[in-house]
2 protein chains.
Amino acid sequence: MATLRIPAHVPAPSEDAEQLHKAFEGWGTNEQLIIDILAHRNAAQRNSIRKAYREAYGKDLLKSLDEELSSDFERAVVLFTLDPAERDAYLAYESTKKFTSSNYILMEIACTRSSYELFNVRRAYHARHKKSLEEDVAHHTKGDHRKLLVPLVSAFRYEGEEVNMTLAKSEAKILHEKIPHKHYSDEEVIRIVTTRSKAQLNATLNQYNTSFGNDINKDLEASDDEFLKLLRAAIQCLTAPEKYFAKVLREAIVGLGTDEWALTRVVTTRAEVDMVRIKEEYHRRNSVTLEKAIAGDTSGDYEKMLLALVGAGDV
Amino acid sequence: MATLRIPAHVPAPSEDAEQLHKAFEGWGTNEQLIIDILAHRNAAQRNSIRKAYREAYGKDLLKSLDEELSSDFERAVVLFTLDPAERDAYLAYESTKKFTSSNYILMEIACTRSSYELFNVRRAYHARHKKSLEEDVAHHTKGDHRKLLVPLVSAFRYEGEEVNMTLAKSEAKILHEKIPHKHYSDEEVIRIVTTRSKAQLNATLNQYNTSFGNDINKDLEASDDEFLKLLRAAIQCLTAPEKYFAKVLREAIVGLGTDEWALTRVVTTRAEVDMVRIKEEYHRRNSVTLEKAIAGDTSGDYEKMLLALVGAGDV
């Protein structure tokens, strides 16, 4: 469930566009007005506002936001304003670049979006970058990481709830032959994780637990092995994404300094999807609400934007 | 260019459906009438006929064809009547089964269809088989064949004509470091072949020729190595599909007995796409027209159906 809060009466896109244009005019920028509009419209509504803005002022709204805003607040507003598939294509593209590369973000996009959403990311990647997502991922990775990431971003998993229990048993056995012996990048392990439907993978992991008496996560306990950590995170994204995201948020907030990029990414990509469950999980694990944690660690317009997206305060 | 010939005046789908229904009635089946209709309608028209047939007679046209026809003629009519994406999903599914498995057919579908067509095959595979294409391919292959085929069937290649010449040079060099040393299944070779756009791959192979003085096909000269043969065929399908198909047709026709499955597959899948070029290539290489070769090697209604699809005779 989404935390995004949309007012009962939503103005016409042309009206929103006009208000935004006013917010940019004059000496200062009216940041609160920008938040009041953009943080309270769904993807379709934001697209309509962008269209209306271009028609009225001959300019992409994102360009104006880029000129008027700065720093973490800018990134949060721009990322949220983007269409989800475009946004993911943008994040994925960044993640294949030298100084911003992140195998985790690529994995996260590949494993937590639906099959059709992931395909739409690949289409948006073509349109935006004149290349395919998988060719950039393959080009910027190697060895075991490539073996895992390329099929993850290329997958079009079946999404039905049907489960084949015979298969679940035989594949749980395969995993148990490989994982405890630390053959984490074995081609069969990668095949199972990268191609099976989420329902089927869940059944296999339950079967692993039933047949061998312990959770696969115990056998994948994070060590210093970078590949193992990524594999473990992928399995969590595929089977319990809210736990994965709650953990990413926690790590972004605690410790010395805040990881604003991670915080912004998770809030902007999940506000319209499953942020309600992520917040519950966050609260359960950390005995503090996500709103409180964000408020304690951020400030100014950036704080206001994030809090609006996670559903704090009034519409 | 297609060899499919559609009459200037096409009857309404309901009329075609009624004629087909008549063709099935009484003692014998009117095979000529079936050919006259189904071998002379495009994919959209055939879909409309199937829909009209179901509405009028409460039965799938394919089921009636299956009951009324038999053997090679049945397979040709049924395959051609299917929607292209559905047909490919059906052929791919057969190709992962024990007794009909074929890595070549999987490769052929992956490499000769456009990116969107291949995606539609994957969608049709979900709908028809309640699984993903890539999970069946991965499950039924292993080792090097899996390493090549899974990314091939999962690809969503960029289809623009843009070419990066710097990349073409550096990747030609990579290929030349691997191929002459027989490292055919090297992960870099597979990455280049499975992820680059067809335009980019073409530029890389031209660069290979320019820089190193010989065609990559020379360095991939077919030996008894099954993987090498498949890799070579994949490269041909990606860069010169008409040559690949002309060769498959030739091999299906010459020799002891005819390989009707291959003949039927190529004719039914290419009649609406590029059969004109395949015929030219066939004629050029074999000094006999494809029509003549088919007529000399097949007979009866099956022959008539194939000849109609390759554009022989009147509409």
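With label points set 7 Å from Cα along Cα→Cβ, the inter-copy distances at B:Ser71 are 8.2 nm, sorted shortest first. Here chain A is assigned +1 on the Cβ of each Lys and Arg and -1 on the Cβ of each Asp and Glu. Its dipole about the Cα centre then comes out at about 760 debye. Relative protection proxy for B:222-230, A:88-96, A:302-310, B:172-180, from highest mean packing down: A:302-310, A:88-96, B:172-180, B:222-230 (other beta-carbon atoms within 10 angstrom).
Residue-level result for chain A: its Cβ closest to the axis carrying A onto B, with that distance in Å, is A:Ser154, 2.
Placing a label point 7 Å from Cα along the Cα-to-Cβ direction at B:Glu187 gives distances to the equivalent points in the other copies of 1.3 nm, listed shortest first. Distances between copies at A:Phe212, taken between label points 7 Å from Cα along the C-beta direction, are 4.2 nm in increasing order. Pairs from the table (B:Lys218/B:Lys292; A:Lys178/B:Lys229; A:Lys130/B:Lys142; A:Lys51/A:Lys97; B:Lys63/B:Lys247; A:Lys147/A:Lys182) lying more than 24 angstrom apart at Cα are B:Lys218/B:Lys292; A:Lys178/B:Lys229; A:Lys130/B:Lys142; A:Lys51/A:Lys97; B:Lys63/B:Lys247.
The mean of 1/r over all pairs of different alpha-carbon atoms in region A:85-154, once inverted, gives a Kirkwood hydrodynamic radius of 11.6 Å. Restricting the calculation to alpha carbons of region B:180-315 gives Rg and Dmax of 17.3, 53 angstrom. Over all Cα atoms in region A:13-57, the spread is summed up by Rg and Dmax: 10.1, 31 Å.
Computing Rg and the Kirkwood Rh from the Cα coordinates of region A:1-159 gives a ratio, Rg/Rh, of 1.03. Report, in degrees rounded to the nearest 10, the 0 to 90 angle that the Cα long axis of helix A:275-286 makes with the longest principal axis of chain A. The answer is roughly 70 degrees.
Here the relative contact order of chain B, from alpha carbon pairs under 8 Å that lie six or more residues apart, stands at 23 percent.
Springs between alpha-carbon pairs under 10 angstrom, Gaussian network model over chain A: which of A:Leu62, A:Leu118, A:Leu106 fluctuates most? Of the options given, A:Leu62 has the highest mean-square fluctuation. What is the pair-distance distribution P(r) of region A:241-309, computed from all Cα-Cα distances in 10 Å bins starting at 0, with each bin given as a whole percent? So the P(r) values, bin by bin, are 22, 63, 15. Loop-located trypsin sites (Lys or Arg not before Pro) in region A:121-150 (DSSP state not H, G, I, E or B) with no more than 16 neighbouring Cβ atoms inside 10 Å: A:Lys130, A:Lys142.
Local charge for A:Arg196 was computed over the other residues whose Cβ lies under 12 Å away, with Lys and Arg +1 and Asp and Glu -1, and equals -3. Remark: the Cα gyration tensor places the protein assembly as shown in the prolate category, a/c being 1.5 or greater and a/b exceeding b/c. Size descriptor for chain B, Kirkwood hydrodynamic radius: 20.9 Å (Cα pairs only, one decimal).
Can you give me the angle between helix A:115-129 and the longest principal axis of chain A, using Cα atoms only, in degrees from 0 to 90, rounded to the nearest 10? Result, in degrees: 60. Of the residues B:His129, B:Tyr90, B:Ile105, the one whose Cα sits farthest towards the positive end of the charge dipole of region B:84-154 is B:His129 (charges of +1 on Lys and Arg Cβ, -1 on Asp and Glu Cβ, taken about the Cα centre).
Using the rule -39500 (n - 2.57) for each DSSP H run of four or more residues, divided by the residues of chain B, the 222 nm mean residue ellipticity is -21000 deg cm²/dmol.
Rule-based calculations on the coordinates, nothing more; no lab input. Predicted model only: the values in this text are computed from it and were never measured. Every residue, glycine as well, gets a Cβ built from its backbone with ideal geometry; the counts of neighbours run over all protein chains shown.
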